[in-house]
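The values are calculated or read from the model by the stated rules, or taken from the named source; none is laboratory data. A quick note: this is a predicted structure, and the numbers were derived from the prediction, not measured. Because the Cβ atoms are built from the backbone with ideal geometry, glycine has one as well, and the counts that use them run over all protein chains shown. Accessible surface areas use protein heavy atoms only, side chains included; no ligands, DNA or RNA. Shrake-Rupley method; radii C 1.70, N 1.55, O 1.52, S 1.80 Å.
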Amino acid sequence: MKKVLLALLCCLASAGAPARAEMVIANVFARPSTSLNGQWHVIVDPYDTGYFDYRHHPYDEAAKISGGFALDHQPADKSELVEYNFDTSPTLAVPGDWNSQDDKLFYYEGSVWYRTKFDVKTTAPGHRRFVYFGAANYAADVYLNGKKLGRHLGGFTPFAYEITGLTSPKGNSLVVRVNNVRHAEGVPTVNTDWWNYGGLTRDVLLVDEPATFIANFLVRLKPGTTNTIEARVQLDGPEREETVKVSFPSLHLAAEIAANREGLAQAEISAPNLALWSPERPVLHDVEISAGADNLKDRIGLRTIATSGRDILLNGRKVFLRGVAIHEVNPQRGGRAWSEDDARQLLGWAKDLGCNFVRLAHYPHNEHMARLADEMGILCWEEVPVYWTIEWSNAETLANAQKQLADLIARDQNRASVMVWSVANETPVSEPRTKFLKSLVDEARALDGTRLISAAMEVRTDPNDPLHKMVDDPFGEYTDLCSFNEYTGWYDGLPEKIDRIHWSIKYDKPVFISEFGASAKQGFHADALTRFSEEFQADVYRRTLPMLAKIPGFSGCTPWILCDFRSPKRLLPGVQDGWNIKGLISREGKKKMAFEVLKGFYAEKSKP
Ligand code: GCB
């Protein structure tokens, strides 16, 4: 299924020169690699002059590219006309969004060409080399030494191309045209309440692997058990029928298995008395996988997740999810978060609140987040950017969303912290919408049936009773959680209304409130009826939490949101100034009053 999708997306992405297949290279940070992070030369190209010739034909549609910036060409002599020059162009840091690095690019939506040069050591005969991008928002055309490697769509998932045989020892030119123009048919679409940060926003690596290597693997508890580990290893390369060894040194467990013709090796390993992962005891086991000349290490937690009626069960025990929603931003920098340090700051604040859960909204965050969450004992909700008004009847849009979901699962399927795959946020009810989302649910279940599937749905108000809130979205049939966003007291009435509402929830499932909140400008103090004051926001929290606690099956919440974040939709001067200020923490990193209210509620909730 995945291969079919990949092939389809490749065809959709570039009609011209044959693109290379995208490769899955899981657990990339544990592989032999060279970082290409650093300052890259950039050309800002609002008219796509480097991409189209003067008849508006893409240069890269020809089998051999004859012009445009992809060639990274220098004049051969003083007479040759070349109207661009990466060497004398300015630089931007990679990883990094361009908006927060250069004032002139703050609102820019268009193409920026990135170029780095690198040398390589000759690899052992038969070795393979890949170039890996953690993410590029939104479309990336990648060229090495003037040859097109491929086009990737989607701003938040990793992609890699094989470059074996395409490099020289010195002076290789890697050029990427990154374009962050919003498209109605895109995922996300044109309308979002977050900043459209463009650029090479995550790590770029050169990865070296033996001819046959471990492309991906899955290590988890065999579904329905707590004493059997299931391992699946996918090899890529000519010697697929290798013997694969999977071992857990500290558990003194190991298995040797022969991969089949497709390079897939599967084993079940009996493992009595396993220490299970939980937020209270985030035990990670060392795992070593070897196959032929390749070996790979990881640290993996083992635990079970299920629902029973209206309860969420972790390792068979009922768990309440003390959560908060997080955008992938560093508020003080006013830009995209990407590093382990950024992740440590965000998850550290969540811990300080008393959280055992975070909603990584509204798109896949960088890999450090879930890895650190594994270590820190924080459960995660991961999400694809199927947000608001997607083109539900567009097959390409669906294929795009499916690919983003599959790539996210392929990257994070070994993270014990990941509890929920979420397929959408606040999408308007209609038949084509429900069909679209149902196919994402089916895909998530087929790829990983061991986690909960959800989406942030919406609440309806009874047309005959403004105090009667109803959750009856037909899509709720297909999810494991009944999750919804609700903004009584902010978008609907004043905070006192919160005390008076009553609920009808159609589904007999755990109820999870994926958003509630109110805006506050940190440091602005007034009475609790004054919009944008810290007191107003704190009052909404003070009233909402006990109101939610009365809903039968209330199993957790992720208030909106941990930190203030930039949004082009939030324009009130002197108050918002381009920021959504529903954060519990300001752009200066200062906590607002509501932080303490939520922290107090969670302290009560965590008492045995
Ligand atoms: C929502 C959206 C979120 C917005 C938030 C708001 O319901 O899911 O993306 O940022 O409301 O602040 O209005």
Counting just the residues of the stretch 182-205 that are among the charged types (D, E, K, R) and within 16 Å of the ligand (Cβ to nearest atom), which one comes out nearest to S35 (Cα to Cα)? R182
Could you list, ordered by first residue, the pairs with Cβ atoms under 7 Å in which the first is in the stretch 109-123 and farther than 17 Å from S89 by Cβ and the second is among the basic types (K, R) and open to solvent by 50 Å² or more (accessible area, probe 1.4 Å), at least 6 apart or interchain? E109/R182; D119/K170
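Here's a check for you: in the stretch 261-275, which residue that is in a loop (DSSP other than H, G, I, E, B) and farther than 24 Å from F130 by Cβ is least open to solvent (accessible area, probe 1.4 Å)?
Checked the stretch 261-275; the qualifying residue least open to solvent (accessible area, probe 1.4 Å) is A271.
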Check off (1) open to solvent by 20 Å² or more (accessible area, probe 1.4 Å); (2) more than 14 Å from the ligand (Cβ to nearest atom); (3) under 21 Å from S555 (Cα atoms) for G476 and give me the number that stays unchecked. (1)
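Restricting to the stretch 431-448, give me the number of residues that are touching a residue at least 24 places away in the same chain (Cβ under 8 Å) and either surrounded by fewer than 21 Cβ atoms within 10 Å (Cβ to Cβ) or within 16 Å of the ligand (Cβ to nearest atom) (or both).
Total satisfying the criteria: 10.
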Could you give every pair whose Cβ atoms fall below 6 Å, whose first residue belongs to the stretch 458-482 and is assigned to a helix (DSSP H, G or I), and whose second residue is open to solvent by 40 Å² or more (accessible area, probe 1.4 Å), counting only separations of at least 6 or pairs across chains? Y478/K438
Among the residues of the stretch 402-426, which ones are open to solvent by 10 Å² or more (accessible area, probe 1.4 Å) and within 16 Å of the ligand (Cβ to nearest atom)? E426
So, F156, is that one of a type in the set (A, V, I, L, M, F, W, C) and within 16 Å of the ligand (Cβ to nearest atom) or not? yes
Quick test for you: out of A26, A135, pick the one residue that is open to solvent by less than 80 Å² (accessible area, probe 1.4 Å), under 30 Å from R415 (Cα atoms) and in contact with a helix residue (DSSP H, G or I) (Cβ under 7 Å, 6 or more places away or on another chain). A26
Those residues of the stretch 449-468 which are out of contact with any Asp or Glu (no Cβ under 6 Å at 6 or more places or on another chain), within 16 Å of the ligand (Cβ to nearest atom) and open to solvent by 10 Å² or more (accessible area, probe 1.4 Å), in sequence order: R460, T461
Result of the Cβ filter at 7 Å on the stretch 405-417, keeping first residues that are under 15 Å from G377 (Cα atoms) and partners that are in a loop (DSSP other than H, G, I, E, B) and open to solvent by 10 Å² or more (accessible area, probe 1.4 Å), at least 6 apart or interchain, is A416/R303
Please indicate, with yes or no, whether at least one residue in the stretch 497-516 is within 16 Å of the ligand (Cβ to nearest atom) and not in a strand (DSSP E or B). yes
Any residue at all in the stretch 312-332 that's more than 23 Å from P282 (Cβ to Cβ) and away from the ligand (no atom under 16 Å from the Cβ)? yes
Take the residues of the stretch 556-608 that are of a type in the set (S, T, Y) and farther than 28 Å from E109 by Cβ: which is surrounded by the most Cβ atoms within 10 Å (Cβ to Cβ)? T558
Cross-chain or 6+ apart pairs with Cβ under 6 Å, the stretch 524-539 first and closer than 15 Å to L584 by Cβ, then open to solvent by less than 20 Å² (accessible area, probe 1.4 Å) and charged (D, E, K, R): E534/K592
In the stretch 573-608, which residues are within 16 Å of the ligand (Cβ to nearest atom) and aromatic (F, W, Y)? W579
Of the residues I257, I289, which single one is touching a Leu at 6+ places or on another chain (Cβ under 6 Å) and part of a strand (DSSP E or B)? I289
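Are any residues in the stretch 482-494 away from the ligand (no atom under 16 Å from the Cβ) and open to solvent by less than 40 Å² (accessible area, probe 1.4 Å), and if so, which ones?
C482
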Within the stretch 347-366, considering residues that are open to solvent by 10 Å² or more (accessible area, probe 1.4 Å) and not basic (K, R), the one nearest to the ligand (Cβ to nearest atom): W349
In a strand (DSSP E or B), of a type outside the set (A, V, I, L, M) and open to solvent by less than 40 Å² (accessible area, probe 1.4 Å), is that true of S278? no
